[in-house]
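Visitor: Right, I'll just put the structure down here and ask away after.
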Amino acid sequence: MSEQSNIPKEEGLDHSLALIQEGYQYIPSRRSKFKSDLFETRLLGQKVVCVGGQEGAATFYDKERFERKGAVPKRIQKSLFGENAIQTLDGEAHEHRKQLFMTLMTEERLQQLAELTREEWRLAASEWAKMNQVVLFEEAQQILCRVACRWAGVPIDAIEVKPLARDFMAMVEAFGAVGPRHQKGRKARKKMEDYFKGLIIEIRHRRMEPIEGTALHKMAWHRDHKEKHLDEHTAAVELINILRPIVAITYYITFGALALFEHDVWKEKLQSGDEESVQMFVQEVRRFYPFAPFLGAKVKNEFEWKGHTFEKGQLVLLDVYGTNHDNRLWEEPYAFNPERFRNWTGGMFDLIPQGGGDYYNGHRCPGEMATIQVMKTSLSFLTNEMIYNVPMDQNLSYSLSRMPTYPESGFIIQGVSIKS
Ligand code: HEM
């Protein structure tokens, strides 16, 4: 008999419904109930092992043990990621594609991203000063969509930004949904892929000349590990892989605004202009608030871990939300406390809201530094350059069973003015 029976097992035919209903808490609550970093369950008709914690994350990111081929369900590829995207690659093909993404994240490019972000916040906030109230979640999408396009070299003069931002958000909104919300994401992806494929074709026919060094230029002319240009569809998918997640930083900015509202002392610290406080605050927002619930990979070569034999082809989920709230790694994990990041030396597998391990050598999010940069600039703008009120008659709670989630009211602000 294999050793698989040694790990806790959730009995029953299938638990997909429980996963959809319990959302972010599905894996952590079972890890806690079973008092185990791994357990077996059945999801979407197949046996799945869920792992979590620092050691679980390190195991999950071992390239000898896991691969991504066949791990991303079609429904996620057709809405969130796109087919043949970097998220589905392994080995040399992955490493080569990852280099392409990382060349976009130089100091200089990140500095430019910060400047564009500040510029767009200023423009938007001066408009809000003329309005009764605005919903931050709605407005931040549009700001970030303009930032993303400008940074990536995508011309926006001829585009209506509001529907474009909605389409990017629809792809993100689709990942944890079934029914109409999921369908909306698929439709948005199809539309976006067609549009950006068109741009790639224009560039390749020399009818359009994007600025060198931008994502649009790079995706159009990148040669893969076999020296071939990406096909037009894949180039569009990877361009969207830059634009969509920048727009998605909206979730963190909305949560950041909520944290500033609920923790006055941190608002004051950010207002003092102390760089370290901004960094600590942003790290805690990324740790504390839910975004990516878990990640999936398949066993590449059979191995044993904690008395369990992981069989080749087995689907394994890494508990991202639960690891960010693991009480062996974080004291009082359910308290919002940026102070925990003072003198934090940072491990590769403890703070994993955007994945763990190494950027170049694994699947860790290449946009992590960009995310931190955009969050710092945006939250500093909210605290240092804007004045606003937060009306009390709004629902600021967020559901942990909705994936992705954000404050119910979208965070309404009133009486906006720009500090002189
Ligand atoms: C991968 C989260 C922002 C581009 C990932 C992964 C997560 C993640 C959890 C998966 C890691 C894995 O599979 O092991 C986030 C969150 C963001 C964010 C929460 C902020 C809201 C960004 C930004 C960019 C970006 C700003 C680009 C500018 C990517 C790409 C991948 C990825 C291309 C695939 C990497 C690979 O497969 O090697 N992200 N991300 N993300 N992210 Fe992000």
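Visitor: Among residues belonging to the stretch 318-348 that are in a loop (DSSP other than H, G, I, E, B) and of a type in the set (S, T, N, Q), point out the one that is nearest to the ligand (Cβ to nearest atom).
Guide: Looking only at the stretch 318-348, we keep the residues that are in a loop (DSSP other than H, G, I, E, B), and these are 324-337, 342-348.
Subsequent filtering for residues that are of a type in the set (S, T, N, Q) retains 324, 327, 337, 343, 345.
On the way: N324: 11, N327: 22, N337: 20, N343: 24, T345: 22 Å.
Step by step, filter the stretch 318-348, then rank; the result is N324.
Visitor: Here's a follow-up. Would you confirm, using the coordinates I've provided, whether F39 is buried (at least 20 other Cβ atoms within 10 Å of the Cβ) and at pLDDT 95 or above?
Guide: Working: buried (at least 20 other Cβ atoms within 10 Å of the Cβ): yes; at pLDDT 95 or above: yes.
Yes, satisfied.
Visitor: What residue, of L123, L110, L100, L116, is open to solvent by less than 40 Å² (accessible area, probe 1.4 Å), in a helix (DSSP H, G or I), closer than 28 Å to I413 by Cα and at pLDDT 95 or above? Even if it seems obvious, please write down each step before you answer.
Guide: Values: L123 fails: open to solvent by less than 40 Å² (accessible area, probe 1.4 Å); L110 fails: closer than 28 Å to I413 by Cα; L100 fails: closer than 28 Å to I413 by Cα.
After ruling out the rest, the residue left standing is L116.
Visitor: Which residue is nearest to the ligand (Cβ to nearest atom), if the candidates are limited to the stretch 359-417 and must be among the acidic types (D, E) and within 22 Å of the chain's Cα centre (by Cα)? Let's see the steps before the verdict.
Guide: Taking the stretch 359-417 first, the residues among the acidic types (D, E) are 368, 385, 393, 408.
Then keep just the ones that are within 22 Å of the chain's Cα centre (by Cα); that gives 368, 408.
Numbers: E368: 7, E408: 19 Å.
Step by step, filter the stretch 359-417, then rank; the result is E368.
Visitor: For the stretch 342-382, which residues satisfy the criterion of being of a type in the set (A, V, I, L, M) and open to solvent by 30 Å² or more (accessible area, probe 1.4 Å)? Write out each step before concluding.
Guide: Narrowing the stretch 342-382 to residues of a type in the set (A, V, I, L, M): 348, 351-352, 369-370, 372, 374-375, 379, 382.
Hits for the stretch 342-382 are M348, M369.
Visitor: Given the residues K63, K74, K69, which is the only one that is free of Cβ contacts under 8 Å to residues at least 12 places away in the same chain, more than 10 Å from the ligand (Cβ to nearest atom) and either at negative phi or under 18 Å from the mean Cα position of the chain (by Cα) (or both)? Even if it seems obvious, please write down each step before you answer.
Guide: Details: K63 fails: free of Cβ contacts under 8 Å to residues at least 12 places away in the same chain; K69 fails: free of Cβ contacts under 8 Å to residues at least 12 places away in the same chain.
Every option except K74 fails the conditions.
Each row is one residue, and each column tells you yes or no for (1) charged (D, E, K, R); (2) over 30 Å from N343 (Cα atoms).
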site: H182; (1), (2): no, yes
site: G185; (1), (2): no, yes
site: K218; (1), (2): yes, yes
site: E227; (1), (2): yes, yes
site: H263; (1), (2): no, no
site: L270; (1), (2): no, no
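Visitor: Give the residues of the stretch 273-289 that are more than 25 Å from D62 (Cβ to Cβ) and either among the hydroxyl-bearing types (S, T, Y) or near the ligand (Cβ under 10 Å from one of its atoms) (or both), sorted by residue number.
Guide: Our first condition is that a residue be more than 25 Å from D62 (Cβ to Cβ); within the stretch 273-289, this holds for 273-285, 288-289.
Scanning the stretch 273-289 gives S277, Y289.
Visitor: I'm trying to understand the selection: among the residues of the stretch 260-286, which are crowded, with 19+ Cβ neighbours inside 10 Å and either among the acidic types (D, E) or outside any helix (DSSP H, G or I) (or both)?
Guide: E284
Visitor: Additional query: Out of all the residues in the stretch 143-168, which are under 16 Å from Y252 (Cβ atoms) and either out of contact with any Ser or Thr (no Cβ under 7 Å at 6 or more places or on another chain) or basic (K, R) (or both)?
Guide: First pass over the stretch 143-168, keeping only residues under 16 Å from Y252 (Cβ atoms): 143-145, 147-148, 165, 168.
I143, C145, A148, A165, F168, listed by residue number.
Visitor: For the stretch 17-27, which positions are touching a residue at least 40 places away in the same chain (Cβ under 8 Å) and open to solvent by 20 Å² or more (accessible area, probe 1.4 Å)?
Guide: Passing the criteria: I20, Q21, E22, Q25.
Visitor: Under 8 Å between Cβ atoms, at least 6 apart or on separate chains: pull out the pairs that start in the stretch 348-360 with a residue that is β-branched (V, I, T) and end on any residue that is part of a loop (DSSP other than H, G, I, E, B) and buried (at least 20 other Cβ atoms within 10 Å of the Cβ).
Guide: Short answer, once both residue conditions are applied: I352/N324.
Rundown of residues vs (1) within 19 Å of the chain's Cα centre (by Cα); (2) within 23 Å of A177 (Cβ to Cβ); (3) in a helix (DSSP H, G or I); (4) not small (G, A, S), yes/no style:
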{"residue": "A57", "(1), (2), (3), (4)": "yes, no, yes, no"}
{"residue": "L80", "(1), (2), (3), (4)": "yes, yes, yes, yes"}
{"residue": "Q87", "(1), (2), (3), (4)": "yes, yes, yes, yes"}
{"residue": "H96", "(1), (2), (3), (4)": "no, no, yes, yes"}
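Visitor: I'm checking my understanding of the structure. Among residues of the stretch 287-305 that are in a loop (DSSP other than H, G, I, E, B) and not aliphatic (A, V, I, L, M), which one is nearest to W344 (Cα to Cα)?
Guide: Taking the stretch 287-305 first, the residues in a loop (DSSP other than H, G, I, E, B) are 289-293, 300-302.
Applying the additional criterion that residues be not aliphatic (A, V, I, L, M) yields 289-291, 293, 300-302.
Details: Y289: 19, P290: 21, F291: 22, P293: 23, K300: 34, N301: 35, E302: 35 Å.
Per the stated criteria, the residue is Y289.
The values are calculated or read from the model by the stated rules, or taken from the named source; none is laboratory data. From a predicted model like this one, the values you see are computed outputs, not experimental measurements. Neighbour counts are summed over all protein chains in view; Cβ atoms, including those assigned to glycine, are modelled from backbone coordinates with ideal geometry. When the accessible area is computed, the model is the full protein with side chains, heavy atoms only, and any ligands, DNA or RNA have been set aside. Shrake-Rupley method; radii C 1.70, N 1.55, O 1.52, S 1.80 Å.
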